[in-house]
Amino acid sequence: MTRWLQDNMPKIVLAPSFIAVMVFVYGFIGWTAWVSLTRSRLMPRYEIDSFIQYGRLADSPRFETAMVNLAIFGTLFIVIAMVLGLLLAILLDQKIRIEGAIRTIYLYPMALSMIVTGTAWKWILNPELGIEATIKGWGFANFEFKWLVDPDMAIYTVVLAAVWQSSGFVMALFLAGLRSVDEEIIKAAQVDGIPTWRVYSAIIIPSMAPIFLSAFIVLAHLAIKAFDLVIALTGGGPGYATDLPATYMYAMAFSRGDIGQAASSAMVMMLVVFTIVVPYLYSELRTKDD
Amino acid sequence: MTDMSYAPTRTQSPTTKLVLRFVLYILLALFALFYLMPLFVMITTSLKSLDEIRTGDLVSLPREVTFDAWRTAWSSACTGIQCEGVRPYFLNSLLIAIPAVLISTIIGALNGYVVAQWKFKGANIFFALLLFGCFIPFQVVLLPMAIVLGKLGISGTIPGLIFVHVIYGLGFTTLFFRNYYVSIPSELTKAAMIDGAGFFRIFWSIFMPLSLPIIVVSVIWQFTQIWNDFLFGVSFSQAGTQPVTVALNNIVNSTTGVKEYNVDMAAAIIAALPTLLVYVVAGKYFIRGLTAGSVKG
């Protein structure tokens, strides 16, 4: 008996986590997938009834807005955070004397809750008392800045706050990458008199391809999950102008009592994540096994 | 610091170099302003009176410093019908975060130890399944979790939230410890086994003493995640068990009475303080946690 216990201890230790993952991750995904194929409303029902919920999603102008917003927000957020992060990393890589302090300043927003970030920016962008009033007070009487309450512009305030929060993290990733480039190659290029910008664009940046991929995955993941930031900054409004699939799902699940729509929109989110993450994880795990 | 300059010395005169250097520092300072500005605005706004907020501007220093807003935010601001400030919710967040961080870190350490050192058929598949679980959008588990918490009788309670955070934190904690333990030579485990040491003895006497850095990474990561969580907090709590993020959002968006921006900002800073403190004290480990999952070791 003790011998058997001894031999199987690793499996016994892993078993509860294995069961938890199978039930609470994969079982739950299965449940949501199943319910997304039913006519569930206030209560979950389990009789499968084709793709009716997905049809309703496709017909819903609110969900369409949410998907368009995800595309706008996701693209701008990822591109701007990457470009800004890379720029900051390169600037900081020039033998800056107070690098540690500056790095701390650029990265601290990452420690904040999205609710805190949203609250702060909501106040700064306040159309009456925020930045608009401040600049008016400086003598620019005609200055207007009402993005937060403008249905066409509000989504860009979400981009702004999200970039503020996450670009420091991208900088940290890239800075670690810049530091890991082989110094000998750089020195050789300098001896040959190759200008600094060429050293970066032709040698250093191309060698960081895996870091670009990592940063992309993390940012894409943050973008799809962005929920708290929208809730705190715009509440999805004005109207539902800044709804994302995440806020749509939440509204359907907890305020509209439409479980079918909640489940199907969650599955759409899942699918978006799946197409981005699975190839990445697959390649990661394969190289790690070698 | 390494001693290398990317600037080729022969092509630039000392003056150009000085100008470039100057521009560089200006740029760095401007970006620093961009990142610091919201924090600065939050702090100054929280120290102003409402009158001053209405007449003054965003970036001016308070003419008269008052801590009234802080007092209100802490103990009497309204989060809906209740007006007890953020204090009870701050406590809730602690009661949720501390056990959840400890439990998920302990289980993650054991899991990581097994996956990295006791390879058996299926251990890698388990790890892959667990890793993928880190990436799912939690919306996809929200509805069934609400039902299961109800069936377990812990719906809307703090133990319920601890349970949820432990389950969905396991992926990351296991990943941290697995990646850390995988670099420890397996000969060490084998030699200890020959000497008669068992599974837990090896873990406790050989692996634990080496683990302090990764424990710090795991604790900091989990604490930040759980403290800052909003989705689970808002979905699985009820009046009285809400974490501080939910309370903050309720204070800011409560529609009753006069909008007190200074109280909103004080409440936001209070909600941010614990994770900011962790970041300032242990920033190095915070960054290690952030990058652990995304950069190949």
Subject >> Carbon/sulfur fraction of accessible area - the stretch B:170-279, other protein chains in place, 1.4 Å, % >> reply: 66 percent
Original post:
Which whole number gives the average count of other chain Cβ atoms within 10 Å of the Cβ atoms across peptide B:107-114?
Top reply: 3
Original post:
Given +1 on the Cβ of Lys and Arg, -1 on the Cβ of Asp and Glu, and no further charges, what dipole in debye does the stretch A:1-126 carry about its Cα centre, rounded to the nearest 20?
Top reply: 240 debye
Original post:
Distance in nm between label sites at A:Gln6 and B:Arg87, each 7 Å beyond Cα in the beta-carbon direction?
Top reply: 5.8 nm
Subject >> Rg over Rh, two decimals, the stretch B:177-297 (C-alpha only, Kirkwood Rh) >> reply: 1.19
Subject >> Listed residue (A:Pro206, A:Leu91, A:Ser40) projecting farthest to the positive dipole end of chain A, Cβ model >> reply: A:Ser40
Subject >> Compactness index (Cα Rg / 2.2 N^0.38 Å), the stretch A:198-290 >> reply: 1.47
Subject >> Accessible carbon and sulfur surface of the stretch B:19-148 relative to its total accessible area, %, 1.4 Å >> reply: 74 percent
Original post:
What is chain B's relative contact order, in percent, from Cα pairs under 8 angstrom and six or more apart in sequence?
Top reply: 27 percent
Original post:
Which value, in debye to the nearest 20, gives the size of the charge dipole of chain B about its Cα centre, when Lys and Arg are +1 and Asp and Glu are -1 at the Cβ?
Top reply: 920 debye
**OP:** With only alpha-carbon atoms counted, please give the Rg and Dmax of chain B, in Å.
**Re:** 24.7, 77
Original post:
Of all the accessible heavy-atom surface of chain A, with the other protein chains kept in place and a 1.4 Å probe, what percent is carbon and sulfur?
Top reply: 67 percent
Subject >> Approximate spin-label separation A:Met43-A:Glu99, in nm, with each point projected 7 Å along Cα-to-Cβ >> reply: 6.4 nm
Subject >> For the stretch B:14-66: accessible area per residue (Å², 1.4 Å) >> reply: 60 Å²
Original post:
Can you list the cysteines of chain B that have no other Cys Cβ under 4.7 Å away?
Top reply: B:Cys134
Original post:
For the stretch B:150-297, what is the accessible area per residue in Å², given a 1.4 Å probe and the full set of protein chains?
Top reply: 41 Å²
Original post:
What's the extension gain from B:Leu129 to B:Lys190 if we count 0.36 nm per residue and subtract their Cα-Cα distance?
Top reply: 19.2 nm
Original post:
Can you give me the pair-distance distribution of the stretch B:1-148, C-alpha pairs, 10 Å bins, whole percents?
Top reply: 8, 15, 18, 18, 22, 16, 4, 0
Subject >> Charge dipole magnitude, Cβ of K and R +1, D and E -1 - the protein assembly as shown, Cα centre, debye nearest 20 >> reply: 980 debye
Subject >> Test item: B:27-38 mean partner chain Cβ contacts at 10 Å >> reply: 6
Subject >> Relative intensity, log₁₀ I(q)/I(0), of the stretch B:231-270 from a Debye sum that treats every alpha carbon as a point, q = 0.14 Å⁻¹ >> reply: -0.33
Subject >> Paired Rg and Dmax values of the stretch B:14-66, which use every Cα atom, in angstrom >> reply: 16.9, 53
Subject >> Average beta-carbon neighbours from other chains, 10 Å sphere, peptide A:167-176 >> reply: 3
Subject >> Protection proxy ranking of A:156-168, B:148-160, A:119-131, A:69-81 - average other beta-carbon atoms within 10 Å, highest first >> reply: A:156-168, A:119-131, A:69-81, B:148-160
Subject >> Taking the stretch A:62-289 and dividing mean pair separation by its residue count, relative contact order in percent (alpha carbons under 8 Å, at least six apart) >> reply: 31 percent
Original post:
In square angstrom, what is the accessible area per residue of chain A with a 1.4 angstrom probe?
Top reply: 44 Å²
**OP:** Treat the stretch B:151-233 as a sphere of radius equal to its Kirkwood radius over Cα pairs and apply Stokes-Einstein at 25 °C in a medium of 0.890 mPa s; give the translational diffusion coefficient in µm²/s, rounded to a whole number.
**Re:** 163 µm²/s
**OP:** Go through A:Lys95/A:Lys136; A:Lys225/B:Lys119; A:Lys136/B:Lys48; A:Lys95/B:Lys48; A:Lys95/A:Lys225 and tell me which ones have a Cα-Cα distance over 29 Å in this structure.
**Re:** A:Lys95/A:Lys136; A:Lys225/B:Lys119; A:Lys95/B:Lys48; A:Lys95/A:Lys225
Original post:
For the stretch A:62-289, what size does the Cα cloud have along each of its three principal axes, sorted from largest down, in whole Å?
Top reply: 65, 57, 25
**OP:** Work from the charge dipole of the protein assembly as shown (Cβ charges, +1 for Lys and Arg, -1 for Asp and Glu, about the Cα centre) and give the residue of B:Met193, B:Val41, A:Ala120 farthest towards its positive end.
**Re:** B:Met193
Subject >> In the A-B interface, the accessible area buried, summed over both sides, Å² (probe 1.4 Å) >> reply: 9100 Å²
Original post:
Once the Cα gyration tensor of the protein assembly as shown is found, what semi-axes does its equivalent ellipsoid get, as square roots of 5 times the eigenvalues, in whole Å, sorted largest first?
Top reply: 38, 35, 24
Original post:
Of A:Gly237, A:Val191, A:Gly130, whose Cα points farthest to the positive end of the dipole of the stretch A:62-289 (charges on the beta-carbon: +1 Lys, Arg; -1 Asp, Glu; origin at the Cα centre)?
Top reply: A:Val191
Subject >> Long-range HN-HN contacts of A:Thr38 with modeled amide H, under 5 Å >> reply: A:Asp49
Subject >> Mean Cβ count within 10 Å, highest first, over the residues of peptides B:99-109, B:126-136, A:33-43, A:239-249 >> reply: A:239-249, B:99-109, B:126-136, A:33-43
**OP:** Between B:Met37 and A:Ile72, take the C-beta separation as r, use R0 = 30 Å, and let me know the FRET efficiency to the nearest 0.05.
**Re:** 0.75
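The values are calculated or read from the model by the stated rules, or taken from the named source; none is laboratory data. Being a predicted model, the structure only gives us computed values, none of them experimental. Backbone-built Cβ (ideal geometry, glycine too); neighbour counts: all protein chains shown. Ligands, DNA and RNA are stripped out before the accessible areas are found, and what is left, the full protein with its side chains, is counted by its heavy atoms. Shrake-Rupley method; radii C 1.70, N 1.55, O 1.52, S 1.80 Å.
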